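As structure tokens, the structure follows; a few thoughts come after it.
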Amino acid sequence: MFNSSSRTLLVALAGAGSAAMLAGAFAFQYVGGLAPCQLCLWQRWPHAAAVVIMVLALALPGRLLPLLGLLAALATAGIGGFHVGVEQGWWEGLASCTASSLGGVSVSDLLNPDVDVAAPIRCDAIAWQMFGISMAGWNMIVSLGLAAVWAMAIRRS
């Protein structure tokens with residue numbers, strides 16, 4: 001039923017899924033005006049890695065690259081799951097985004113009235129949700145699905 005082209009299709013689907021997740025995140029940020037918190041930003045990096053892995057895996061045979069894609073998908077799903085726990089108050093999040101931290105802002109900027117210092121984006125506040133699931137929750141769910149696709153690609157390698 002499956003042949004070598006099925007690996008190609010599965011790798012392309014998994015990588016395209018990560019690309020779509022990144023596109024959605026940037027759309028929420030730049031079109032929707034929802035600034036990301038630190039955990040949101042961390043969830044983007046494994047998706048970016050998965051897109052690069054997809055490009056390499058489409059050019060090179062073997063199981064290693066789909067395995068790396070699987071790990072990238074699981075990494076962003078894990079960060080998303082942690083983020084959901086922070087949002088729900090199940091555990092404490094990072095000090096840099098759950099308290100009113102101004103990490104990364106210099107004292108001179110804070111004292112300079114000409115510098116606009118935005119309020120930190122809180123990781124424990126849900127900025128958007130659909131069907132009662134936050135963006136971090138959707139990232140976790142979709143990323144687990146993408147991990148399954150990467151796993152199927154490994155089996156077809």
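Values in this text are rule-based calculations from the coordinates and carry no lab data. Just so it is clear, the model here is predicted, and its values are computed rather than measured. Heads up, the Cβs are rebuilt from the backbone with ideal geometry, glycines too, and the neighbour counts pull from every protein chain shown.
Neighbour counts of other C-beta atoms within 10 Å: give me V31, V55 arranged from fewest to most.
V31, V55
Ranked from highest to lowest mean number of other Cβ atoms within 10 Å per residue, what is the order of the peptides 135-143, 35-43?
Going by the mean number of other Cβ atoms within 10 Å, highest first, we get 135-143, 35-43.
Taking 25 Å as R0, compute the FRET efficiency from the Cβ-Cβ separation of R63 and V31 and round it to 0.05.
0.05
At a Förster distance of 25 Å, what's the computed FRET efficiency of Q88 paired with A23, Cβ-Cβ distance as r, to 0.05?
0.40
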